[in-house]
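Written out below as structure tokens is the structure these notes cover.
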Amino acid sequence: MTTAYRLSPLPGWATDPAARAVIAALSIPGFDPRFVGGCVRNALLGRDAADVDIATPLRPEAVMVALRNAGLGVIPTGFEHGTVTARSGGKSFEVTTLRVDIETDGRHAIVEFTADWRADAARRDFTMNALSADPEGVVHDYFGGVADALAGRVRFVGDPGQRIAEDALRILRFFRFHAHYGQGELDPPALAACFDGAAGLDRLSGERVQAELLKLLAAPDPVPVWREMAEADIAWRVIGEDGDIDRLQGLVRVAPDSDPLLRLAALLRGDAAAVAARLKLSNDERDRLVGLRESTLDKAPDEVGVRLLLYRHGRAGGRDRLRLAWAAAPKRWSFKRALAALEKEPVPALPVRGRDVVALGLSGPAVGQALAEVERWWIGQGLRPGRDESLGRLRELAGR
């Protein structure tokens with residue numbers, strides 16, 4: 001073990017009164033708590049932490065007593081696995097008892113509690129995630145995680161093949177972490193183990209695969225890692241194909257702020273509905289993904305085409321479709337002009353409604369038919385006629 005590295009100055013989350021209150025509540029002689037995982041790793045790299053997690057040798061029931069005695073809220077979110085959520089200063093902190101895996105099946109683990117910090121660190125996936133820091137900022141590093149994090153090396157703790165056999169999701173986590181934290185080539189032993197253990201991905205739930213995939217695609221540039229996944233025969237196990245990597249690369253180039261679902265749409269050549277079902281996407285996510293794959297643009301729209309995009313898909317939907325089309329042809333600057341026009345143009349709305357048709361004495365199916373006829377006329381006029389002109393056209397159609 002080395003404790004040569006110290007976080008100095010302490011990151012903001014380590015001095016936050018809400019976090020310090022949790023640490024104080026758990027600071028029982030012989031059972032001192034530490035900050036663990038991502039917050040420590042990110043502090044080393046000068047990055048913000050999304051969550052602040054704490055570990056302790058105290059057993060879960062003792063953790064709950066200590067937190068309640070300090071007047072803090074506590075929720076037994078994962079009590080059987082040793083995790084409770086502390087509420088302090090309006091914030092949530094996961095507090096987990098040190099543990100070791102005593103049985104694994106490639107998806108889940110049965111754990112046993114321990115007071116051994118090194119044993120707890122040994123069950124974590126990557127060396128950069130096996131770090132812990134005491135309240136004074138002294139980093140405890142059992143497996144070279146500090147050096148790996150600073151060098152951009154994503155390396156498994158211990159034998160990569162064994163770690164993947166314990167939970168095949170670690171394959172996707174390996175690629176995801178390299179996309180976010182890695183520099184240079186992927187760790188060769190880890191990459192080989194991912195290739196050898198890839199069949200384990202087939203046994204994972206869609207929800208777990210989805211979470212890792214979307215986090216991977218949220219990286220600033222997921223393209224190099226995705227190429228490695230395709231070459232290692234892993235990409236097709238996730239989305240049923242290697243994917244259109246060139247279009248993904250184009251999207252990252254023309255829209256670096258594109259969200260993960262749009263990037264997934266850029267990758268897909270095949271059945272988007274099947275991928276959505278495999279990944280257990282929400283209904284809204286499924287509809288968006290399928291819609292993006294079904295309504296593609298071959299060329300940049302003109303002024304009327306931009307208005308039609310806005311009318312049919314809204315500003316966000318129109319922007320998505322233009323970005324996808326531009327990604328497939330990143331040198332065609334006409335798409336950039338169309339995007340600029342789309343951001344300035346107001347979203348059109350058909351000036352007449354069903355009640356206007358009913359007011360003219362029509363009923364039943366004739367109402368929908370009349371509206372459809374007016375809409376076709378209105379679109380043919382460039383989506384420009386206002387309410388008066390549209391009502392006039394409606395009267396003509398109704399014979400009034």
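Here, each number is a calculation from the coordinates, and none is a lab measurement. Just so you know, these numbers come straight off a predicted model, no measurement behind them. Heads up, the Cβs are rebuilt from the backbone with ideal geometry, glycines too, and the neighbour counts pull from every protein chain shown.
Only helices enter the 222 nm calculation for the chain: every DSSP H run of n ≥ 4 contributes -39,500 (n - 2.57), and dividing by all residues gives -15000 deg cm²/dmol, rounded to 500. Sequence-ordered 3J(HN,Hα) estimates for region 313-320 from the Karplus curve with 6.51, -1.76 and 1.60 and θ = phi - 60° stand at 10, x, 5, 5, x, x, 4, 4 Hz, glycine and proline given as x. Among 236, 226, 117, the order by Cβ neighbours within 10 angstrom, fewest to most, reads 236, 117, 226.
In the structure displayed, which of 299/344; 280/344; 215/331; 91/336; 215/336 lie more than 31 Å apart, Cα to Cα?
Listed pairs above 31 Å: 280/344; 91/336.
A simple rule links phi to the HN-Hα coupling: the Karplus curve 6.51 cos²θ - 1.76 cosθ + 1.60 with θ = phi - 60°, which for region 216-222 gives 4, 5, 7, 4, x, 9, x Hz, with x for Gly and Pro. Extending 7 Å from Cα along the Cβ direction at residue 62 and again at residue 20 yields two label points whose distance is 2.6 nm. Here the residues 390, 88, ranked from fewest to most Cβ neighbours within 10 Å of their Cβ, fall in the order 390, 88.
In the chain, taking the dipole from charged Cβ atoms about the Cα centre, the farthest positive-side position among 239, 78, 121 is held by 239. Of the residues 128, 229, 64, the one that moves most in a GNM of the chain with alpha-carbon contacts below 10 Å is 64. Around the amide H of residue 157, modelled in the peptide plane, lie the amide H atoms of 126, 127, all under 5 Å away and 5 or more residues distant in sequence or on another chain. For labels at residue 31 and residue 119 in the simple 7 Å Cα→Cβ model, what's the distance in nm? Each label point is offset 7 Å from its Cα along the Cβ direction, giving 1.7 nm.
Just to confirm my numbers, what's the Cα centroid distance between region 18-56 and region 125-192 in Å? Answer, in whole Å: 19. Can you give the FRET efficiency to the nearest 0.05 for residue 353 and residue 331, using r as the Cβ-Cβ distance and R₀ = 45 Å? Step by step, r from the Cβ atoms, then E = 0.55.
Give the calculated FRET efficiency between residue 366 and residue 283 to the nearest 0.05, with a Förster radius of 41 Å applied to their Cβ-Cβ distance. Before the final figure, lay out the partial values.
Working: r = 32 Å, r/R0 = 0.79.
So, using R0 = 41 Å, E works out to roughly 0.80.
Placing a pseudo-label 7 Å from each Cα along the Cα-to-Cβ vector at residue 376 and residue 103 gives an inter-label distance of 6.7 nm. Distances between placed amide hydrogens fall under 5 Å for residue 132 paired with 140, all partners being 5 or more residues away or on another chain.
When the chain is treated as a Gaussian network with alpha carbon springs shorter than 10 Å, the biggest mean-square fluctuation among 182, 361, 250 belongs to 361. Label point 7 Å out from residue 151 along Cα-to-Cβ: which residues of region 179-215 have amide N under 20 Å? Taking a point 7 Å out along Cα→Cβ of residue 151, the residues of region 179-215 whose backbone N falls under 20 Å are 179-194. A Gaussian network model of the chain, with springs between Cα atoms under 10 Å, assigns the largest mean-square fluctuation among 312, 353, 321 to 353.
If you plug the beta carbon distance of residue 344 and residue 203 into 1/(1 + (r/R0)^6) with R0 = 45 Å, you get a FRET efficiency near 0.35. One quarter of the surface of the convex hull around the alpha-carbon atoms of region 1-151 equals 8.7 nm², the direction-averaged projected area. Reported to the nearest whole Å, the Cα centre-to-centre distance from region 234-262 to region 275-326 is 15.
A straight chain from residue 259 to residue 295 at 0.36 nm per residue would run longer than the Cα-Cα distance by 11.1 nm.
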